[in-house]
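J.: This is the structure, below, for whatever I ask next.
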Amino acid sequence: MIAATCHCGAVRVEVPRKPRSLTNCNCSICRRYGTLWAYYKASEVRVSAAPGATSDYAWGDRRLRFVRCNICACITHWEHILPAASSRVGVNARNFEPESLGPVRIRLLDGASTWKYLG
Ligand SMILES: [Zn+2]
């Protein structure tokens, strides 16, 4: 298990293993947040936060919400607003301690137009 925490520690996201790769997406929201995403099944992700400790943002077709800490404002993850059994969660890998992540490949995703990985 490794954990990602926001800067102040109010929000903690636990996942069962290190990600094999991270995604750097250039879509309109990801490039502004500066996030690096690690993807997991929703059933594998445990988010710990006090009630009211987070806010979220949804846009476009409103299928996803981006969750952030109300105290330090770090983006912690995105999740489906109506999750299905197969739903994925994007965990912001910027919130892992570098030593718990280790060396990991970063892939560029052209979320702005083609939705293809560029490398
Ligand atoms: Zn925080």
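J.: Send over the semi-axes of the stretch 28-93's equivalent ellipsoid, whole angstrom and largest first, taken as the square roots of 5 times the C-alpha gyration tensor eigenvalues.
T.: 17, 15, 12
J.: Going 7 Å from the Cα of Leu118 toward and past its Cβ, which residues in the stretch 34-57 have a backbone nitrogen under 18 Å from where you end up?
T.: Label zone hits: 34-37.
J.: Next question, about the same structure. Mind checking the log10 I(q)/I(0) for the chain at q = 0.10, 0.20, 0.21, 0.22 Å⁻¹? Debye, one equal scatterer per Cα, no solvent, two decimals.
T.: Relative scattering, expressed as log10 I(q)/I(0), comes to -0.28, -1.20, -1.33, -1.45.
J.: Can you give the accessible area per residue of the chain, in Å², using a 1.4 Å probe?
T.: Result: 59 Å² of accessible area for each residue.
J.: Moving on to the next point. Could you list the residues of the stretch 62-92 with an amide nitrogen less than 16 Å from a label point located 7 Å from the Cα of Ser43 in the Cα-to-C-beta direction?
T.: Residues 83-89 fall inside that zone.
J.: Moving to a separate point now. Test of the criteria: in the stretch 1-93, which trypsin sites (Lys or Arg not before Pro) are in a DSSP loop and have at most 14 other Cβ atoms within 10 angstrom of their Cβ?
T.: Sites meeting the loop and neighbour criteria: Arg17, Arg20, Arg62, Arg63.
J.: In addition: Please provide three numbers in whole Å: the alpha-carbon extents of the stretch 1-64 along the principal axes, with the largest listed first.
T.: Principal extents (largest minus smallest coordinate, Cα): 32, 30, 23 Å.
J.: For the chain, which whole-number percentage of the solvent-accessible area (1.4 Å probe, protein heavy atoms only) is attributable to carbon and sulfur atoms?
T.: Answer for the chain is 52 percent, counting heavy atoms of protein chains only.
J.: Using Cα centres only, tell me the gap between the stretch 74-108 and the stretch 17-45 in whole Å.
T.: Measuring centre to centre over Cα atoms gives 4 Å.
J.: In terms of modelled amide H atoms, which long-range or inter-chain residues lie less than 5 Å from the amide H of Cys25?
T.: Under 5 Å from the amide H of Cys25 lie the amide H atoms of Trp37, Leu109, each far enough along the sequence or on another chain.
J.: Return one quarter of the surface area of the convex hull spanned by the alpha-carbon atoms of the stretch 72-119, equal to its mean projected area, in nm².
T.: Convex hull of Cα atoms, orientation-averaged projection: 5.4 nm².
J.: Can you work out the Karplus-derived ³J(HN,Hα) for every residue in the stretch 3-11? Use 6.51 cos²θ - 1.76 cosθ + 1.60 with θ = phi - 60°, whole Hz, and x for glycine or proline.
T.: 10, 10, 10, 5, 4, 8, x, 6, 10
The values are calculated or read from the model by the stated rules, or taken from the named source; none is laboratory data. All of these numbers come straight from a predicted model, not from anything done at the bench. Every residue, glycine among them, receives a Cβ derived from its backbone with ideal geometry; neighbour counts consider all protein chains shown. With ligands, DNA and RNA removed, areas are computed over all heavy atoms of the protein, side chains included. Shrake-Rupley method; radii C 1.70, N 1.55, O 1.52, S 1.80 Å.
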